[in-house]
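Please read the structure below before turning to the comments.
Just so it is clear, none of the values below were taken in a lab; they were calculated from the coordinates. Keep in mind that what you see is a predicted model, and the values were worked out from it rather than measured. Glycine gets a Cβ as well: all are built from the backbone with ideal geometry, and neighbour counts include every protein chain shown.
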Amino acid sequence: MRDVVIIGSGCAGLTAAIYAARANLKPLVIEGVETGGQLSLTTLVENFPGFPEGIQGPELIEHMKKQAARFGAEFQAGDVAAADLSKRPFTLTVEGKAEQTRILIIASGASARWLGLEGERSLIGKGVSSCATCDGAFFREQRVAVVGGGDTAMEEAMFLTRFASQVDVIHRRDQFRASKIMVDRAHQNEKIHFVMNTVVEEIQDPSRGEVTGVKLRNVQTKEITQEAVSAVFVAIGHVPNTSLFRGQLDMDADGYLITRQGAGTKVPGVFACGDVQDRVFRQAVTAAGSGCMAAMEAERFLESEAHSAQ
């Protein structure tokens, strides 16, 4: 029987582990398929407080993991295949084995939707990104591309105009899904150019280890064009890793967990933090903050149970 099990080993999960371990709750962290979360795919992180020169994403995750382990957190590789939240203790199936816990902290994150192009994954952190706030400042006075047609794509494009010399918004249709006000704002920005009815066929150049351009195809004329850009920001959405909890926890229409009064869910003893419940900010520092909240709420929950049992 565990007091606390944390699903996920990104910023939120590891911060929760640090706080839970310091409270002597001996948390078990199930690391998941993407160990370290999205930061493990990031190169230089310049906006996490305390690192004036920046820090590599995987290095930041490793520091946090060592910190949690120092206070007594345990780590288990693998993924959670099933979760029964119908009664306490909660039961998780991890790599074919059952784990029971009094408290569950869900920090399983959200995975960016990618274009699925050959070589795309090898260029993540080297010019391919799903986060303009994280990586836009690396491309000052350079031409960049944003792929997508929703509000997120418009927000990313407008943010990137602070740094880039030109932002090409590439969209496969002739109409945007984004709200009219967002599209109007983007149209008013002289740095933003719209490339409609167009899909990205290829991101170049994996052999050089950096983005040098994109090959585009017009879906109506079939014309192939080549454009030189230094970065491609993929803004076609994220998928929260919540399928395990469908029908057990409240979610919004896109599958993000709904939390109440902090990190609590509708099931007492189950808490959620990080990108699994945050569809707005999706930053390392906000994930860390919510991980802290989840662990502190978990500690208070266990304390109140102990008092009521006396």
Checklist entry - Along the stretch 157-166, what does the Karplus equation 6.51 cos²θ - 1.76 cosθ + 1.60 (θ = phi - 60°) give for ³J(HN,Hα), rounded to whole Hz, x for Gly and Pro? => result 4, 5, 5, 5, 5, 5, 10, 6, 7, 8
Checklist entry - Which of the pairs 66/126; 65/97; 126/180 have their Cα atoms more than 29 Å apart in this structure? => result 126/180
Item to check | Highest-first arrangement of 238-250, 6-18, 124-136, where packing means the average Cβ count within 10 Å | outcome: 6-18, 124-136, 238-250
Checklist entry - How much mean residue ellipticity at 222 nm does the chain get from its helices, if each DSSP H run of length 4 or more adds -39500 (n - 2.57) and you divide by all residues, to the nearest 500 deg cm²/dmol? => result -7500 deg cm²/dmol
Item to check | DSSP beta bridges in the chain [antiparallel fraction, %, rounded to 5] | outcome: 45 percent
Checklist outcome for this item: Non-local residues with an amide H under 5 Å from the amide H of residue 238, with H modelled 1.01 Å from N and Pro and chain starts lacking one, are 113
Checklist entry - What is the extension gain from residue 305 to residue 260, computed as 0.36 nm multiplied by their sequence separation minus the C-alpha to C-alpha distance, in nm to one decimal? => result 14.3 nm
Checklist entry - Per the Kirkwood formula on distinct C-alpha pairs, the Rh of the chain is how many angstrom? => result 20.6 Å
Checklist entry - R0 = 35 Å: FRET efficiency of residue 1 with residue 141, Cβ-based, nearest 0.05? => result 0.05
Checklist entry - In nanometres, what is the gap between the two model label sites at residue 87 and residue 212, each 7 Å from Cα along Cα-to-Cβ? => result 6.3 nm
Checklist entry - Measuring from label point to label point, each 7 Å out along Cα→Cβ, what is the residue 267 to residue 44 span in nm? => result 4.3 nm
Item to check | Gain on full stretching of the segment that runs from residue 220 to residue 252 - 0.36 nm per residue minus C-alpha separation | outcome: 8.0 nm
Checklist entry - Using Cα pairs under 8 angstrom and six or more residues apart, how large is the relative contact order of the chain, in percent? => result 20 percent
Item to check | Dipole of the chain, positive direction: furthest Cα of 171, 92, 137, with charges on the beta-carbon | outcome: 92
Next on the checklist: Go through the cysteines of the chain and tell me which have no other cysteine Cβ under 4.7 Å away.
Outcome noted: 11, 273, 292
Checklist entry - To one decimal place, what Kirkwood hydrodynamic radius in Å is obtained for the stretch 121-234 from all pairs of distinct Cα atoms? => result 13.9 Å
Item to check | Förster radius 30 Å - calculated FRET efficiency between residue 279 and residue 74 (Cβ-Cβ, nearest 0.05) | outcome: 0.50
Item to check | Computed E for residue 22/residue 184 - FRET, C-beta separation, R0 51 angstrom, nearest 0.05 | outcome: 0.55
Checklist outcome for this item: Phi angles of the stretch 219-231, converted by Karplus (6.51 cos²θ - 1.76 cosθ + 1.60, θ = phi - 60°) into ³J(HN,Hα) in whole Hz with x for Gly and Pro, give 6, 8, 8, 6, 5, 9, 10, 10, 10, 8, 9, 9, 7
Checklist entry - Considering the chain as a Gaussian network with a 10 Å cut-off on Cα pairs, which listed residue, 178, 263, 112, attains the greatest mean-square fluctuation? => result 178
Checklist entry - Could you give the angle, 0 to 90 degrees to the nearest 10, between helix 284-309's Cα long axis and the longest principal axis of the Cα atoms of the chain? => result 20 degrees
